[in-house]
Each structure stands twice: as C-alpha cells, then as structure tokens.
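Written below as structure tokens is the structure these notes are about.
The values are calculated or read from the model by the stated rules, or taken from the named source; none is laboratory data. Keep in mind the model is a prediction, meaning the values are calculated, not measured. Please note: Cβ atoms are built from the backbone with ideal geometry, for glycine as well, and neighbour counts cover all protein chains shown. These accessible areas exclude ligands, DNA and RNA; they are computed on the full protein's heavy atoms, side chains included. Shrake-Rupley method; radii C 1.70, N 1.55, O 1.52, S 1.80 Å.
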Amino acid sequence: MDFNDSPEEREFRKKARAFLEQHLEPLGADESPSGLGEREDAAAIQRAKDWQATKFDHGWAVLTWPKEYGGQEMGRLEASVFAQEEARFKTPPPIYGIGHGMLGPTIMTHGTQEQKDRFVKEMARGQVVWCQLFSEPAAGSDLAALRTSAVRDGDEWVINGQKIWSTGAHFCDWGMIVTRTDPDVPKHDGLTYFIVDMNDPGVECRPIKQINGGSHFNEVFFSDVRVPDSQRLGGVGEGWKVAITTLMNERVSIGAGGGGGRTKDLFRLARDCRRNGRPAIEDAAVRARLADIFITGKGLQYTGYRIQSALARGGTPGPEGSISKAIGAPHSQQVASFAMELQGAMGAVSQHGIALQDGLWQESYLGSPGLRIAGGTDEVLKNIIAERVLGLPSEHRADKGIPFRDVPTGS
Ligand SMILES: Cc1cc2nc3c(=O)[nH]c(=O)nc-3n(C[C@H](O)[C@H](O)[C@H](O)COP(=O)(O)OP(=O)(O)OC[C@H]3O[C@@H](n4cnc5c(N)ncnc54)[C@H](O)[C@@H]3O)c2cc1C
C-alpha cells in the first residue's frame with residue numbers, strides 16, 4: 001500500500017499550508033505544539049475561539065461535516081492532511097476535540113431537525129464550547145451505572161446529581177449529559193440523554209487540581225436544573241444508544257491519531273543530551289531503547305492509517321481502534337519516561353524557556369498516565385479485545401437483567 005500523498009492530496013496540502021502561513025506563525029525547532037496547560041487561561045480560550053472563527057470563515061473548519069452545518073464534506077484523509085499541516089504552526093490550545101469529534105456527530109445522528117439547526121452550525125464556528133458529562137464517582141468504566149437523575153415535570157426535566165472528570169466544563173457553554181430517568185428497569189434501559197445549559201444557576205463546576213498543576217477537568221454538581229424536553233436527544237430510555245454513538249466517535253478520535261507522534265522529538269533530545277561525556281544517541285543502550293520506541297511508533301502509525309482507511313471507505317474501524325489505544329497510551333507513557341531519564345537532573349525542570357524542548361516531556365510525563373484512563377482504561381480495552389476480537393467468554397455481570405434499583409451497592 002502506498003502511504004505517500006496522491007497528486008490531489010499534494011495539491012490539497014499546498015493549499016492548506018498557504019492558508020495556515022497566512023494566519024499563523026510556524027513552530028520553531030525547539031517549540032512544542034500548544035500545551036493543553038493553557039486551557040485555564042481565559043485569554044488563550046479566546047484565542048482558540050478566534051482561530052476557530054477564522055478557519056470557519058475561510059472554509060477550513062470541521063472539514064468532514066456536511067456543508068449545511070458549516071463543514072466542507074471532505075474525506076477523512078483530507079481532514080488528517082490539514083491536521084498534520086496545522087500541527088506545524090503555533091496554535092491556541094485545543095478546546096474542540098469533544099464538541100467536534102464526539103458531540104456534533106452525536107447530534108447529527110440522533111437530533112431532531114430543530115436541534116441540528118439550533119446547535120450544530122453554532123458548534124462548528126466555535127463561539128460556544130461543549131463538554132461531555134458522562135462519568136460519575138461510581139460510574140466510569142461501568143458508565144451505565146450512573147445515578148444522576150432526571151425527573152419529568154410537564155414540558156421540562158429536573159436534573160439532580162454529580163458528574164466528575166468533565167474536561168473543560170469550567171469554560172463550556174453547553175454540555176451533553178446522560179441521566180437516569182427510570183430506576184425500575186435494568187441499568188442500560190433507564191437512561192436518557194440531554195443537552196444542558198452550563199450557565200444555568202443550578203450547575204456548579206469545581207475544578208480538580210491535577211498532578212501537573214493544571215485544572216483541566218471538574219466535578220460538576222446539578223441541583224434542580226430544569227431542561228426543556230426539546231433538549232432531549234433521542235427517546236426517553238434510549239440514552240444508552242445515544243451515548244454509544246458519542247463513545248464510538250470518542251474511540252475513533254483517539255485511535256485515528258496513530259500515537260507515537262513524538263519519536264522525532266525524542267531522537268532530537270537524544271542528540272542534545274549527553275551520556276558519559278558523549279551525545280546520548282551514541283550510547284548502545286540508548287540506541288536499543290530508541291530502536292524499540294521507533295518500531296512501536298511505526299506500528300501505531302500504520303495502525304492509525306488502517307483506521308483512517310476504514311473510515312475513508314465509509315466503514316467503522318474494527319479491532320484496530322481498541323489496539324491503537326491499548327498500545328498507544330502505555331507507549332506514550334514509556335516514551336515520556338525515557339525522555340525524562342535522558343535528561344538526568346534537567347528532567348526536574350519544567351519551566352518554559354529553561355526546560356529542554358520547552359518542557360514538552362515534563363508535561364507529557366505527568367499527563368500520559370491519564371491517557372491510559374480516558375476513553376477506556378487499559379483493562380477495559382483488553383476486555384473488549386478479549387471478548388469481541390478473540391471471542392473469549394464474557395465477564396460475569398452480576399447486575400444483568402436486574403432493575404437498577406435492586407442492584408446491590410454494598411452500602
Ligand atoms: C484526562 C481525562 C479526561 C476525561 N474527560 C472526561 C470528560 O470530559 N467527560 C467524562 O464524562 N469523563 C471524562 N473522563 C473520565 C473517564 O471516562 C473515566 O475516568 C474512565 O471511564 C474510567 O472510569 P473511572 O475513573 O471511574 O475508573 P473505574 O471505572 O472505577 O476503574 C478503576 C480501575 O478498575 C479497572 N476496571 C474497571 N472495570 C473493570 C473491569 N470490568 N475489568 C477489569 N478492570 C476493570 C479500571 O481499568 C481501573 O484500573 C476523563 C478521564 C481522564 C483521565
């Protein structure tokens with residue numbers, strides 16, 4: 001298979017680069033792409049919104065979406081060529097992954113025409129930002145065990161409960177929430193999905209302090225939040241089906257990246273750091289580690305291409321989606337850990353402007369463990385591979401077929 005650009009893709013890449021050069025500064029050799037760390041800074045969020053509006057106005061936003069919702073109806077391959085080119089420039093922090101990658105496609109699949117017209121185009125232009133309100137303190141891997149309730153009151157629903165790990169909720173305008181509307185049926189059957197206004201006075205966001213000093217995600221509390229029935233996405237009791245659409249899109253967004261993208265930076269680091277008075281890259285043990293990392297990185301890159309090709313043909317990725325995440329997340333952590341080892345005492349310095357490669361590896365070292373949890377933990381992915389790919393017997397599920405209210409909780 002030929003993975004080089006076709007003549008059309010080459011032409012498209014040239015056009016994309018010309019647009020980007022007109023509006024952005026290229027990244028310097030020692031600069032890393034915009035850090036997720038900037039997501040608490042209101043000025044950086046505004047820069048992200050301005051950049052999204054510029055892309056939208058020039059026809060470079062949400063490239064794969066239908067034209068009526070602000071997209072360009074392009075293929076996945078073109079979108080990934082644009083993303084590759086954009087990554088060479090200094091961009092504001094990425095704040096649209098959840099909205100554009102997961103929630104927009106969910107509204108386009110399950111929304112009424114009125115909901116699509118009201119929310120999707122606005123989402124594409126990015127002046128309002130969206131978050132995903134799924135996980136709860138006792139419902140993460142086992143999402144269908146969630147307890148936040150929505151009770152019908154005429155044409156409205158009243159939401160009470162708590163969500164957690166909600167990325168970006170502190171700067172978002174809208175959220176998509178899964179709630180329990182019927183505790184008397186088995187857990188997957190009693191859920192309903194809503195669009196909720198994050199500026200409602202009954203919504204309280206409490207940022208969670210992370211190991212890297214940032215606070216990108218939140219606990220979110222809902223106290224008597226009233227949501228009109230017109231903001232229900234999908235049928236009453238059909239929230240699980242809608243949530244699966246969001247989760248499928250999440251796994252594709254994570255997996256299609258291919259992982260291993262930092263190998264070039266790691267090789268540069270190995271040239272710049274010293275071991276036994278010589279560049280570390282000349283040390284046999286370092287070279288052996290680099291070779292292993294390179295090989296895994298290539299495997300991930302080509303697995304990413306398999307996902308892209310499946311999507312470009314209009315299919316859905318098979319096992320490669322789970323494999324990419326199951327191998328890619330631990331790989332990112334191992335690479336970051338080796339990069340810290342190479343830096344020796346300098347590994348403890350993370351300050352921009354002083355740290356090697358602008359602190360890229362310090363951020364990655366502290367952030368990469370989270371990649372092994374978000375979007376499906378290592379163990380859950382292994383369960384998926386065991387059951388759906390290898391056909392091994394499925395796990396024992398003690399709550400199967402039991403009304404949610406009667407599931408033993410140990411309390
Ligand atoms: C960076 C980051 C961003 C996130 N952003 C969001 C967001 O925007 N919105 C949102 O709703 N959520 C978000 N999450 C939450 C994420 O979806 C959950 O953390 C994830 O689903 C795991 O759930 P949990 O944390 O409750 O862990 P648990 O499910 O309680 O798991 C605890 C441990 O038990 C293991 N385990 C659980 N079940 C099994 C099983 N059946 N077999 C074997 N082992 C098992 C897990 O692998 C894990 O090691 C985010 C998480 C992270 C790390």
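How far is helix 239-255 tilted, in degrees, relative to the longest principal axis of the Cα atoms in the chain, given as a value from 0 to 90 rounded to the nearest 10?
For 239-255 against the chain, the angle is about 0 degrees.
For Ala310, what is the net charge nearby, where nearby means another residue's Cβ is under 14 Å from its Cβ and Lys, Arg count +1, Asp, Glu -1? Each step should come with its number before you reach the end.
Details: positive: Arg76, Arg251, Arg306, Arg313; negative: Glu320.
Net charge in that neighbourhood comes out at +3.
How high is the relative contact order of the chain, in percent, with contacts defined as C-alpha pairs under 8 Å that are six or more residues apart? Intermediate values should be presented prior to the final figure.
Values: 662 pairs, mean separation 54.4, N = 411.
Once normalised by length, the contact order is 13 percent.
May I ask for the equivalent-ellipsoid semi-axes of the range 250-356, computed as the square root of five times each C-alpha gyration tensor eigenvalue and listed largest first in whole Å?
Working: eigenvalues 204, 41, 20 Å².
Equivalent-ellipsoid dimensions as semi-axes: 32, 14, 10 Å.
Report, in deg cm²/dmol and to the nearest 500, the calculated mean residue ellipticity at 222 nm for the chain, where each DSSP H run with n ≥ 4 adds -39500 (n - 2.57) and the sum is divided by the residue count.
Details: 11 runs with 156 residues, N = 411.
Roughly -12500 deg cm²/dmol at 222 nm, from the helical runs in the chain.
Quick check on the chain: of the DSSP beta bridges with both residues there, what percent are antiparallel, nearest 5%? Mind dumping the intermediate values first?
Details: 34 of 39 bridges.
Taking every DSSP beta bridge within the chain, about 85 percent pair in antiparallel fashion.
For the pair Arg125 and Phe294, how long in nm is the line joining their label points, each one 7 Å along Cα→Cβ?
So the label points at Arg125 and Phe294 sit 4.9 nm apart.
Sequence-distant or interchain residues sharing an amide H contact under 5 Å with Met74, placed H: which?
Here Thr64, Trp65 satisfy the definition.
Net charge near Asp50: determine it from the other residues with C-beta under 13 Å of the C-beta of Asp50, scoring Lys and Arg +1 and Asp and Glu -1.
Numbers: positive: Arg47, Lys49, Lys55, Arg125; negative: Asp57.
Result for the local shell: +3.
Exceeding 32 Å between C-alpha atoms, which entries from my cross-link table qualify? They are Lys67/Lys163; Lys116/Lys163; Lys163/Lys400; Lys187/Lys298; Lys298/Lys382.
Numbers: Lys67/Lys163 34 Å; Lys116/Lys163 25 Å; Lys163/Lys400 24 Å; Lys187/Lys298 41 Å; Lys298/Lys382 21 Å.
Listed pairs above 32 Å: Lys67/Lys163; Lys187/Lys298.
Let's test the formula: R0 of 30 Å, r as the Cβ-Cβ distance of Lys264 and Ala348. What FRET efficiency results, to the nearest 0.05? Write down the numbers at each step before the final one.
Working: r = 24 Å, r/R0 = 0.80.
Efficiency computed from Cβ-Cβ geometry: 0.80.
If we sort 355-365, 222-232 on the protection proxy, mean other Cβ atoms within 10 Å, highest first, what's the order? Could you put the intermediate results ahead of the total?
Working: 355-365: 21.5, 222-232: 17.2.
Listed from highest to lowest mean packing, they are 355-365, 222-232.
Using alpha carbons only, how many degrees (0 to 90, rounded to 10) separate the axis of helix 42-57 from the longest principal axis of the chain?
90 degrees
How large is ³J(HN,Hα), in whole Hz, for each residue of the range 67-80 in order, when computed from phi with the Karplus curve 6.51 cos²θ - 1.76 cosθ + 1.60 and θ = phi - 60°, using x for Gly and Pro?
4, 5, 10, x, x, 10, 6, 8, x, 4, 5, 4, 4, 6
Listed highest first by mean packing, meaning other Cβ atoms within 10 Å per residue, what order do 289-302, 131-144 come in?
Numbers: 289-302: 16.8, 131-144: 19.1.
Answer by packing, highest mean first, reads 131-144, 289-302.
Tell me the relative contact order for the range 39-130 as a rounded percent, counting alpha carbon contacts under 8 Å between residues six or more apart. Intermediate results must be reported in sequence, preceding the final value.
Values: 94 pairs, mean separation 30.1, N = 92.
In percent, rounded to a whole number, it is 33.
Per the chain: cysteines with no other Cys C-beta under 4.7 angstrom?
That list is Cys205, Cys273.
Once the mean 1/r over all distinct Cα pairs of the chain is inverted, what Kirkwood radius in angstroms do you read off? Please list the in-between numbers first.
On the way: mean 1/r = 0.0436 Å⁻¹.
Mean inverse Cα-Cα distance, inverted, gives 23.0 Å.
Would you mind calculating the relative contact order of the range 215-303 from Cα pairs under 8 angstrom and at least 6 residues apart, reporting the percent as a whole number? Display every interim value, and only then the final one.
On the way: 38 pairs, mean separation 23.4, N = 89.
Dividing the mean separation by the residue count of the range 215-303 yields 26 percent.
Taking the convex hull of the Cα atoms, report for the range 88-223 its projected area averaged over all directions, in nm². Each step should come with its number before you reach the end.
On the way: hull surface 40.3 nm².
Taking the Cα atoms of the range 88-223, their convex hull projects to 10.1 nm² on average.
In Å², what does the accessible area per residue of the chain work out to with a 1.4 Å probe?
50 Å²
Counting only protein heavy atoms and a 1.4 Å probe, tell me what percentage of the chain's accessible area is made up of carbon and sulfur.
Details: 10630 of 20470 Å².
Ligands and nucleic acids excluded, carbon and sulfur reach 52 percent.
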